[in-house]
1. Does residue B:156 fit the bill of being assigned to a helix (DSSP H, G or I), surrounded by fewer than 18 Cβ atoms within 10 Å (Cβ to Cβ) and within 14 Å of another protein chain (Cβ to nearest Cβ)?
2. Any residue in segment B:99-111 that is buried (at least 21 other Cβ atoms within 10 Å of the Cβ), more than 60 Å from the chain's Cα centre (by Cα), in contact (Cβ under 8 Å) with a residue 12 or more places away in the chain and within 13 Å of residue B:40 (Cβ to Cβ)?
3. Checking residue A:235 against (1) more than 9 Å from chain B (Cβ to nearest Cβ); (2) in contact (Cβ under 8 Å) with a residue 12 or more places away in the chain; (3) assigned to a strand (DSSP E or B): exactly one of these is not met. Which one?
4. Could you please give the count of residues in segment B:77-88 that are surrounded by 13 or more Cβ atoms within 10 Å (Cβ to Cβ) and in a helix (DSSP H, G or I)?
5. Determine whether residue A:188 is within 14 Å of another protein chain (Cβ to nearest Cβ) and surrounded by fewer than 21 Cβ atoms within 10 Å (Cβ to Cβ).
6. Tell me which residues, restricted to segment A:195-210, are part of a loop (DSSP other than H, G, I, E, B) and either touching a helix residue (DSSP H, G or I) at 6+ places or on another chain (Cβ under 8 Å) or free of Cβ contacts under 8 Å to residues at least 60 places away in the same chain (or both).
7. Please state which of the following conditions residue A:241 fails to meet, knowing it meets all the rest: (1) part of a loop (DSSP other than H, G, I, E, B); (2) within 20 Å of the chain's Cα centre (by Cα); (3) within 8 Å of chain B (Cβ to nearest Cβ).
8. Are any of the residues in segment A:296-303 outside any loop (DSSP other than H, G, I, E, B) and either at positive phi or modelled with pLDDT of 95 or more (or both)?
């Protein structure tokens, strides 16, 4: 029995470690099965280096036709499962064909890797970076090991960042003017603003500010759009009268936001919106949606 | 329906309270394990219960108080967290992550309180942020409670003068600014309550608003407690801002409550110095605001202030408090066109009380108030509103109470004008009040002029007013009123006979027009008062100052005659009769024989013509005899005529015993101790014998007719007369006659047995004789002679 079981077990154990793995920041990533795992964080132009250990199981030897490590940037569309689009693919051959009898360590290095896109886990799309180690074998099938890592790219504050200001309304019913202090927010930013009531003829119950994410995948006729409400933040409780001005202050920190993504590799886009929702006593909703741009500000420049 | 509503509410409250408790428990557990994240989570959930719209203010308050207690624990925990190294700025941000606004803001206020305490940022910045953020709650009830929480936690953290939070950047101005802003917002919410929900719930809503008003007023209280709010700050910032809000909110309930609140919480001194500002706001209030109560309270406060601190009085003058108030009231009345007359009068009444307290020396002010009041009343006719009437009475009573002296009120020219507007009934009441005041304070009214004014005031009592038909005055009341008028007469007094005569003349003039019903009450005191005057007149020819005396006794007697003549026309002959006798006696004292005779004649005529009741006759006759006995002014002829008449009347009385008694009483007319000219023993004896005769015939009537016993009593009475004259030493009264009379009585002993009165009378008579015997001396000797 033991023998039989052993036949289906891979012949060796492969592990990948990063050079500065102990000091590198780890960020949580949700895996397919819902589990949260911590993965190391990189950004574009970084050198990704480390070691690969291949350790055959006791008393076994691994015959192979060569060992390689690949750095892959993949976009995975859920509608189109199983199909990965690799937008980045780098390969390093780390061993020539031969046999491995005992634990063997291979260093590897991809220097200054161009990783223009950030890791992203959406509803219909996933963008991930992965290191893939392949021990190529003939008839027995290759042995493959993956190591995910996360890429996040930081940008400087945008030079132009206008406020969003708009007057909207329903004739003879409700007129408001709202103002958000910026149109571009970094992920730990705070949205400041105010809602000014010019005319109120309906009985408003409350007012919320929603942060919505619109993820569109595919192109042309195959475009799928998925909208999620990531935050629902109550701005006002009760019915205001004409002339009231309600302050807006929303901290973005608590929400799971990503930067805005525009047409990533012609595969998908992620956009963010602020949706101002007024609910009246009959639970009718009046809303106005404004797009905002989110970006990841270099952490050092914070505070 | 309503009961169901209340039941439901209890259920909701119970449910909320249970959920609240549970979350509070988890929060406490998180606090105990220093878990900030969970503490925030559960506190937000706990505070989420305050989001309910189902509870009435009363029940909501219950929930709020629970939250308040729990938040204290949380605050302490926050404080500890910051000591453990948690940045307070981060904490301040962290609490704002809560998605629901109400819990978020409660937490923010709590964190803000900690933030201020750590002094990591200027208090004013944090306060400003908090008060601004609270705008997010536009629901009146929840907003009011939230802001009241803010007010509560910030109270001890205001950068007031002397506070530890005062700094270069934080001044009391910021503190004031903060409280004012919070106040303004709270008031807006409070006012808004009025306009939300269906109209049929108006009453309930107003009640609920009433329950919440102290939350709003609390801010004013906080302002008044700030050290830094001195007079300048109050005048330049606080008052104008608060008033602006009050005026602009255009809400009746709020305006009434808040103006009153200002008056009550800030010091009187401030009010005094800002009177025109405060008063200037009054006409701008909604017409339905009960401004009179407000102003009344203000004036009441200022009056008390003046009363308690005499040293501030100069300030009152300096700021012309009176004229400002007067103007303000005028304006308010003008502005509120349909203001009920009651309100106007109440205002004037308060103003009057104010001026009486503050400027007791300025009668012209008081008169001015009354003048304004008259102006207000003019054109409105008589007042029908009973409350307004009451208020006028109170208005008119104020000067009386203050000065305790009607004389001062009489100086107020407008006083009687105001009285004019009362209905007759009230006029009478007012008059009674005035008289009572005079009586209570023993105020003497000394000049004719004042008397004239006073009578004008109490006209209601003196004259028949054009009473509407069918309005009958209660007989008892009428009597009481007239009695008080009678008492009043004696308070009108002047030492100087001439002035006094004038006073009396005025009284006469008024009284005589008073109608028959009053005369019997008013004439006697007038007569008595006049008689008193006569007694004070210097004896003629004995004028030490040598000045021309225009008031002579003769003149006065003529005057008296005129007065009394009025009485018989009224069905009060009795009274006139008595008064004539009184006058006669007075004339006697003045040695005015013809006058005295004239009075007697009048009395006799009345007796003959008007007094027909036998009982009244008996009494009248006794009076005649009594008076006549004391008269010494008459010459023999006049006296004879009068006594003769009197005895004649006696004999003509209807009942025998009455005849008998009158006759023996007449005996006194012939024997005056001090006047030798009037000592006629013969006729005394004649009278007594005649009395005996009548008594005898009475006895016979008794024995034949079996009528009432009592003749023996007559005998005993006659015996007493005998003894009296015997003791006086009249020769015609002999020992024998006395002895035989005693014998006669003793024979009647058996009939005496049935008459205990007679028995005891006789016994004491005998005892008296025995006693006189024992006394010895000349009289004792005379009694010794009588053998019983």
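1. Judged against the criteria, residue B:156 is not a match.
2. Scanning segment B:99-111, I find no residue that is buried (at least 21 other Cβ atoms within 10 Å of the Cβ), more than 60 Å from the chain's Cα centre (by Cα), in contact (Cβ under 8 Å) with a residue 12 or more places away in the chain and within 13 Å of residue B:40 (Cβ to Cβ), so the answer is no.
3. (1)
4. Number of matching residues: 7.
5. Yes; evaluated as a whole, the condition is true for this residue.
6. Pass one, segment A:195-210, residues part of a loop (DSSP other than H, G, I, E, B): A:201-203.
Of everything in segment A:195-210, just one residue is part of a loop (DSSP other than H, G, I, E, B) and either touching a helix residue (DSSP H, G or I) at 6+ places or on another chain (Cβ under 8 Å) or free of Cβ contacts under 8 Å to residues at least 60 places away in the same chain (or both), namely A:201.
7. Condition not satisfied by residue A:241: (2).
8. No, there is no match, as no residue in segment A:296-303 is outside any loop (DSSP other than H, G, I, E, B) and either at positive phi or modelled with pLDDT of 95 or more (or both).
The values are calculated or read from the model by the stated rules, or taken from the named source; none is laboratory data. Since the model is a prediction, treat every value here as computed from it, not as a measurement. For neighbour counting, all protein chains shown are included, and Cβ atoms are generated from backbone atoms with ideal geometry for every residue, glycine included.
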